[in-house]
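The values are calculated or read from the model by the stated rules, or taken from the named source; none is laboratory data. Here the structure is a predicted model, which is why all the values come from computation and not from measurement. Here Cβ is always computed from backbone atoms with ideal geometry, including for glycine, and neighbour counts include all displayed protein chains.
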Amino acid sequence: MDFYLSAILLGLAYCGMGLGIYITLRIFNIPDITTDGSFTLGASVTAALLSQQYPIVTALLMSMIAGSLAGLATGIIHTRLKINPLLSGILVMTALYSVNLSIMGRSNIPLINTANLLQLTNWFQREQYNWLLLMAIVALGLWCLISWLLKTDFGLSMRATGNSETMIRALGVNTDGMKVIGLMIANALTALSGFLVCQFQQFADINMGIGIVIFGLGAVMMGESLLNALRIQSIPLRLAGVIAGCILFRIIIGAALTFGINPNWLKLVTAVIVLVVVGLPNIKRRAGN
Amino acid sequence: MLNLTHLKKHFNKGTPNEVLALDDCTLTIEKGEFVLLVGSNGSGKSTLLNLVAGTYFPDEGNIFIEGTDVTRLKDYQRSKFIARVFQDPMAGTAADLSIIDNFRLAALRTKRKTFKTGVNDSFKMKVSDRLSILELGLENKLDTLVGKLSGGQRQALTLLMSVMDESKILLLDEPTAALDPKSAEKIMKIAEKVIQELNLTAMLVTHNMHYAVSYGTRLVMLQQGQVIKDYPSVLKEKLLVTELYSWFERP
């Protein structure tokens, strides 16, 4: 039971990153590898600030700003230098490894006796329940925010940018600028997840972001196959699907661990799960023909 | 209204594939004129249209819209003046957006896209009204994703969307090239109707000689990047399709 509870908790903590990946992958058709770096960036900024006794709000804001700057870097490399978005992301991710190390000053910062979100949330006796409610509130807030954003005129232009660049430029939208803004939003959301996970685990580690983008891509696609099966088109429900995908993915990984899979194999398991989710529709289609 | 002066445009400059697409091309178009552009492949028609739209910039020469020099304005900045319909029927609409969302963006062509939600009942009524002109039954399918429609339907939408917001110039680059004859005829009829009703200045590229003689108020022919024939309305009316064909035969 506890195991599943913490899987759900982590799933909710990761949903900021999931929504960010939805924006880059599904709205702009960019698989944004920066995510690996900006997740750790969010965590390292949080750990560095909290261990120096800065308040939590400062850590939250600074980590999101740092994340958006990482997105800005990828966006500018992609749109100005016309470099493939995948490569732009890898470049920034690689550079961020050094940035994160220098922010933290070492490869790992434990957070003991520092400010923690739990101090603000004394709703239940059990710590886990406080976390659950807190993460659920954050997830709900993000869901409302992104659902609203994508419904506005600005959000429609974002969606059209990934869809038909010719059309939306003819309708007066600077598509390069739009992509940069999209990457900034996505990486700020990813850094927010880094902030939450760092708080929850009470440490930041230079390697905590490795492969996280695969988790995010998998979660987005898992949520999508769920909704496609139900033939749901509406954007808010699709976003809810992303959140469901994040939780589901964590539960699957949790289950794999309880079945006695060696934690060393965890990344392989993650990659295989994503491969199955991505590959299955294609295999089905081929069988259908 | 639209002044093109001494436009010159090379592609692949400095490489063995260098092409001179437009060579000192000068053209003035008055307000309310509906210009049909004809010419062989590679004569520079599409290049001319794309220069006006700002897809790319000329090497030499200038473009003025109502006296304003727009030569160095980017395409998304020129959308204040210009609406476009593309050769690819899929290019003018966003497939994953609903019909109503596509129209919302079109209605904001000259305006800023802010954090407002603009799709309300009165807007839906307005779009529904406009769509009924098409007689395609789309007026009751506002929430349908555009990707589910046919090429002809999408081109018809693009055309209507182009007049959702005020525009001075309408550019149509072979709008019917990818459509079946019936849909093509319909698109041309609708185009003529909106251009006349809204008194738009329009340029339409076509390879269809029947369209070239029966639509528009002026006929311009390009060859090797230059204007070689320019028929105003009066002369154009007497023009026969066979005569037009013969223009293409001369070297």
> A:Ile251 is checked against (1) touching a Ser or Thr at 6+ places or on another chain (Cβ under 9 Å); (2) under 23 Å from A:Tyr4 (Cα atoms); (3) of a type in the set (Val, Ile, Thr) and fails just one. What number does that condition carry?
Replying inline: (1)
>> I need the full set of residues from region A:64-87 which are assigned to a helix (DSSP H, G or I) and more than 18 Å from the chain's Cα centre (by Cα), in order please.
In response: A:Ile76, A:Ile77, A:His78, A:Thr79, A:Arg80, A:Leu87
> In the list B:Ser122, B:Ser98, B:Ser162, which residue meets the criterion of being more than 21 Å from A:Gly162 (Cα to Cα) and more than 7 Å from every other protein chain (Cβ to nearest Cβ)?
Replying inline: B:Ser122
> Applying the selection to region B:71-95, what residues are of a type outside the set (Ser, Thr, Tyr), touching a Leu at 6+ places or on another chain (Cβ under 8 Å) and at the interface with chain A (Cβ under 7 Å from one of its Cβ atoms)?
Replying inline: B:Arg84, B:Gly92, B:Ala94, B:Ala95
> From B:Ser246, B:Ser167, B:Ser233, B:Ser162, which residue is within 13 Å of the chain's Cα centre (by Cα) and modelled with pLDDT under 85?
Replying inline: B:Ser167
>> Between A:Thr114, A:Thr152, A:Thr121, which is surrounded by fewer than 21 Cβ atoms within 10 Å (Cβ to Cβ), over 21 Å from the mean Cα position of the chain (by Cα) and either within 14 Å of another protein chain (Cβ to nearest Cβ) or modelled with pLDDT of 95 or more (or both)?
In response: A:Thr152
> Got a number for residues in region B:165-213 being acidic (Asp, Glu), within 13 Å of another protein chain (Cβ to nearest Cβ) and assigned to a loop (DSSP other than H, G, I, E, B)?
Replying inline: 2
> Does A:Thr46 satisfy the condition of being buried (at least 24 other Cβ atoms within 10 Å of the Cβ) and touching a strand residue (DSSP E or B) at 6+ places or on another chain (Cβ under 7 Å)?
Replying inline: yes
>> Can you pull out every residue in region A:208-236 that is within 17 Å of B:Asp96 (Cα to Cα) and not in a helix (DSSP H, G or I)?
In response: A:Arg231, A:Ile232, A:Gln233, A:Ser234
>> So if I check each of A:Ile253, A:Ile283, which one is assigned to a helix (DSSP H, G or I) and touching a residue at least 60 places away in the same chain (Cβ under 8 Å)?
In response: A:Ile253
> Mind checking which residues of region B:101-117 are at the interface with chain A (Cβ under 7 Å from one of its Cβ atoms) and surrounded by 20 or more Cβ atoms within 10 Å (Cβ to Cβ)?
Replying inline: B:Asp101, B:Arg104, B:Leu105, B:Ala106, B:Leu108, B:Arg109, B:Lys113
> If you go through region A:17-40 one residue at a time, do you hit one that is in a helix (DSSP H, G or I) and under 18 Å from A:Thr114 (Cβ atoms)?
Replying inline: no
> What is the one condition in (1) more than 14 Å from chain B (Cβ to nearest Cβ); (2) under 30 Å from B:Ala106 (Cα atoms) that A:Tyr97 does not satisfy?
Replying inline: (2)
